[in-house]
Structure formats: structure tokens, C-alpha cells
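The values are calculated or read from the model by the stated rules, or taken from the named source; none is laboratory data. Being a predicted model, the structure only gives us computed values, none of them experimental. All Cβ positions, even for glycine, are placed from backbone atoms using ideal geometry, and neighbour counts span all protein chains on display. The area values use the complete protein model at the heavy-atom level, side chains included, leaving out ligands, DNA and RNA. Shrake-Rupley method; radii C 1.70, N 1.55, O 1.52, S 1.80 Å.
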Amino acid sequence: MMLLLISRASAFTKPLHQIRHHQSSQLFASTTTNISFDPSIDVREKATSTLVIGRHSTLKSLIEQQDSYVSLFGFRPHPDILSSMHESISGNQATSSHVIVPTVGPAIPRPPHRLTLCSLRNKVTRHNHPLSLHSMTDLVKSSVKGKGPVRIMVCVEDEYPLAPIAGAISRAFPVFSRKTKSKKADAGEDGDNGEEEEEERMIHVTFLDSKGRVVKNEVEINAAREAAEGVRLACRLVDTHPEELTSTAFAQECHDLFDEDDTVTIEEIVGEGLKEKGYGGIYNVGKGATEPPRLVIMTYDPPKDDLTEEDEEQSAITLVGKGIVYDTGGLAIKSRVGMCGMKHDMGGAAGVLGGFAAAVRLRTPRKIRLMLCLAENAIGPESVRNDDIITQYSGKTVEINNSDAEGRLVLSDAVAHATQHFDDSDLVVDMATLTGAQLVSTGKTHAAILTNKEELEHTAVKAGLVSGDLCYPLLYAPELLNKEFNSKVADMKNSVKDRSNAQCSCAGHFIESHIDSKYIERDGGWLHVDMAGPGSKAERGTGYGVGLVLSLVGSPGFSSRS
């Protein structure tokens, strides 16, 4: 076992080709988009376009404040133009209107300016974020056009934290790209307009309160900045192809992130070490790959001087992430169509890592552990076979009847470790792109959650509504569903007998069955998050899980406005 002190570095958006040296950065177009949350009014003079986003009713109030136009925009658009734009969009759906306006005002004359109003729904149903953050991402993505600095002004209203909104905006600007330099590249959904992009692009985000004033609270702005960086980290990792993001490279990312932060330590168990120490799930899933499987354990201890007596009384939280860097299905191989996109099968690990990294940078006043189960479910002479029987860290034996149900195997080892050894933790949260059945159960925007405590179920749903990482409960009935894993020759099989019998719940119950009994006796909580659907959209990672983690651990900026 290797113990390393690690530290903080500005590696959130560090390209992985800097780790894999055979990749030449000379070949790729620079498509870097930087996002700034500086509330300074100086940014308005640099912007070539402005996007104003908010609920339809809130936009109306802002437009009526004609005396504030110059201070907000840096020029004075004609009130009739803004009123007409507002009237052309509806408060019953997410929609936008844009116009090219002359920059008339006291400032130095500038070229005509693209001005866009983005209207969010005035009302949403109870299982959606009040500002419909998914719609906000889509509107920003479709409305930011062309080159040059862009200013985004968000009418947040007073009751909604800024950090989840910042995360939603950051999703609109993907980081990872391996497109080669070309002046006539095909236009795509990511906003490339067919021209060579060699300069960094700047997106300036400004938040406005209910009276149209710029929000300048440093605590809230910092939370917004770190949440956005966490989301972009998760998105970049999910988008990176498996030739670059191997299990080894993923572990290196963890070290790079905290290279100079003495509040975080890293421990790794790698390759044959997993077998020797009894982590049969992680080892057997990853043993057929060219890069070894590994269990990465990170621990964040907040600075003692920053803690109150109430903070010190809080129990630690353990986060567990499924990090299957590529999933072929193993010897139960996926189809050609079914295998494409399986680089996203480490989305759970990316989400909890992004959340953990942001929580550390925000100096969250609570001890947090992070366990990443990193492996590639590859095909080779050493691959685990259907009919093999493996022994998990819990001591239970599992008959493999589907090598493509590998995520539950790796997570079970980590959950067993956490509940056996972390006596100071009273909550274990595992996150994974676990089942296709999740999409059938709760859809493409809501993760499915399963938990042994009803109050924790309510807490998770509320955390989803605050953060915008929406989630919804599954059926919890282990006494009815565990029979699906009955085996004649082992303690259980790893896949269900009847796929039509609450399959998504069954997958979670498999993981739960490896929780240490003493942890349950001391009333420990367990929360399973299956985010196969919301983890990606249109072939891009969404950064799902970052906000949910930050809300669950109580990071600054994710509980209430300062």
C-alpha cells in the first residue's frame, strides 16, 4: 500500500495529453474557453455580446429599470428594442430572442453588439430546480455565438444560491477536444463556426439580485467559481477517450489536483496488491486490461483552526465513485452500437472527484473521504469469465453470470472497505453510471437514488433540487428483490434473473448487500446514486454529481445565500 501526501494545483483544466507525452499539442486546435465570475463592471467594456438570462417575469422587471441600462450594459439600448424582445418570448417555456444593437452611450464607441434575452419558465413542477437549470444550460449553449468576449448576466433572484447556476452555465462550454486545426472544419454542436480558433475565449458571468444590482459577495462568487471548475473537471474527464484516460492516468489526475494541499492525502492499492488484500471485485474486473486496476483513497481533513465546535461534531462522509474508464462488456461483449460511448462509464468517479475537489478548495468544514474504483473492463486472456466465482472484500462469493454487470462488483469492494474501516463516517454515498434501467426508471435528467434510510432519501432529493443535479427515489425492498441474485454455487450472482423485476433497484441492493453488518448496527447511512442518464447528453459529459456532492457535504454556497 502506498501513502502519498498530495497537494493542490491549478490542474482542473489541464489537458491529459500533457501526461501522455506521445500526444502532440501541436496537432490540435486551441478551443480553450475561460469562464470568469469577476463582478467588476470593467468586463462590460470588453464584451462583444451580452446574454441576459432569468425567469420571464424577472426579465420584465429588469427591462423596466431604464436608468440602469448604461451601468449594466455599458451602452444604452433603446427601451423599445428590449420590450419588443421580451414580448416575443414566453414565460411558459425556455426560449430566447436576440438582436444586433448599436452601442450608443457615454463609453468609447464600439462595434454593434449582439444582445440576447433568454427567458426561463416562470413556474416549474416540484421535481425541477426552480430556475430549470437544465434549460439554462441549453439556452446558454445555443445563444452564445461567434468569437470575442461574452458577458452573461443572470437574474438569480434572492433565494437561490449562485454556485449551482455557475455549474449549469459551465456545462455549456466543453473543455476537451482533439479536433485538428482546420479553417474549414465542419460546424458542430459545440459552437465551432468552421474557422480556426487559436485564441482563448473569455466568458464573463455576472449575477444580478432581485433589484438588478450586481452581486459582489466574495463567499458566493468564490463558491460559484469553484463549482464551475469542478463541473468542468468532471466534464473533461468524461469526454476524454480511453487511450488517454487510462486507470493510471486517472490516478495521476488525482495527484495533480492536490499536489500542494496538505489537507489531502492519497493512498493507492494497485494491480496485484488488490488481489493480495482481497479486493476481488475491482481486481477481477480490471485484470484483463493493459493498465492495472486500482483503488484510490483520498482523505480531506479540514484545517482545525477553521472549525467551530459544531463543525467538529459532524461525522465524516465517504464518497465512492465507479471509474470504469472503458467498458467493452468483457467477455459478455457489447454490440458495436452499444459499446460506443462507454468511455462515459467513469462518470460517477468524475462526478464525485469534481465535487470533492471543489469541496476541498472551498475548505468545507467537514472531513470527507473519496474512494475511486478505477479499472478497464477489457477483453483479453486474463479477463474474468461468466461462470467464474470471485470473492469480494466483504468476504462474500459471487458467481459471474454477466461480465457486463461489472460496476456493482467494483463499488461493492469500496463500500465494504468504507463500512468496515471508517468508524468516524456515518454516511457512504456511491455514484455510478450503473444501469441502462435507470433511464427507464427516472429518465435522462434525474438520477435514481436508493438508500436504507427514509430521511436520507428526502435529504438527497432536496440536495438535488438545490444543486440542480436532480434525483428521485427508487423502490427500496431488499427482502423482496435480493432473490434475483440467488446462486446454486456461490453466495450470489452478479446479475438479476428477471430483468423486468425492478432491475435498477436490484443493482443497488447488490451493492448494499456488501455493507458491513456492524455499520448497519450503528445506524450508518448509505446512499446509492445511479446517474447513467443525466451523466451525459449529446455525446458530452454533463458534470453530473459535482453539485449533488457539494450540497450533501454542506459546502459553502450550496446550502443558502450568504
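Residues whose amide H falls under 5 Å from that of Arg55, counting only those 5 or more places apart or on a different chain, are Leu120, with hydrogens built in the peptide plane. Quick one: angle between helix 454-467 and the longest Cα principal axis of the chain, in degrees between 0 and 90, rounded to 10, please. Helix 454-467 and the main axis of the chain meet at about 30 degrees. In the chain, the longest principal axis of the Cα atoms and the axis of helix 247-257 are about 50 degrees apart. Legend: distances between Cα atoms for Lys275/Lys453; Lys334/Lys462; Lys367/Lys518; Lys147/Lys537; pairs beyond 30 Å are Lys275/Lys453; Lys334/Lys462. Over the residues of the chain, the helix contribution to mean residue ellipticity at 222 nm works out to -8500 deg cm²/dmol, using -39500 (n - 2.57) for each DSSP H run of at least 4.
Amide H contacts for Asp261 (H built 1.01 Å from N in the peptide plane; partners 5 or more residues away or on another chain; cut-off under 5 Å): Ser7, Arg8.
Computed from backbone phi, the HN-Hα couplings of the range 223-234 come to 4, 4, 4, 6, 4, 5, 5, x, 5, 5, 4, 4 Hz, rounded to whole numbers (Karplus: 6.51 cos²θ - 1.76 cosθ + 1.60, θ = phi - 60°; Gly and Pro given as x).
Fully extending the segment from Ser57 to Asp423 would add 126.7 nm, taking 0.36 nm per residue of separation and subtracting the current Cα-Cα distance.
Modelled spin labels at Glu539 and Arg363, positioned 7 Å past Cα toward Cβ, are 4.4 nm from each other. Inter-label distance, Glu200 to His241: 2.7 nm, where each label sits 7 Å from its Cα along the C-beta direction. Dipole of the chain computed with +1 at Lys/Arg Cβ and -1 at Asp/Glu Cβ about the Cα centre; of Leu133, Phe485, Ile324, farthest Cα towards the positive end is Leu133. Using the 1.4 Å probe convention, the accessible area of the chain works out to 41 Å² per residue with neighbouring protein chains retained. When the alpha carbon gyration tensor of the chain is reduced to an equivalent ellipsoid, its three semi-axes come out at 42, 25, 22 angstrom, largest first.
Here the range 341-384 and the range 438-486 have alpha carbon centers that stand 20 Å from each other. Atom-type composition of the exposed protein surface of the chain places 48 percent of the accessible area on carbon and sulfur (1.4 angstrom probe).
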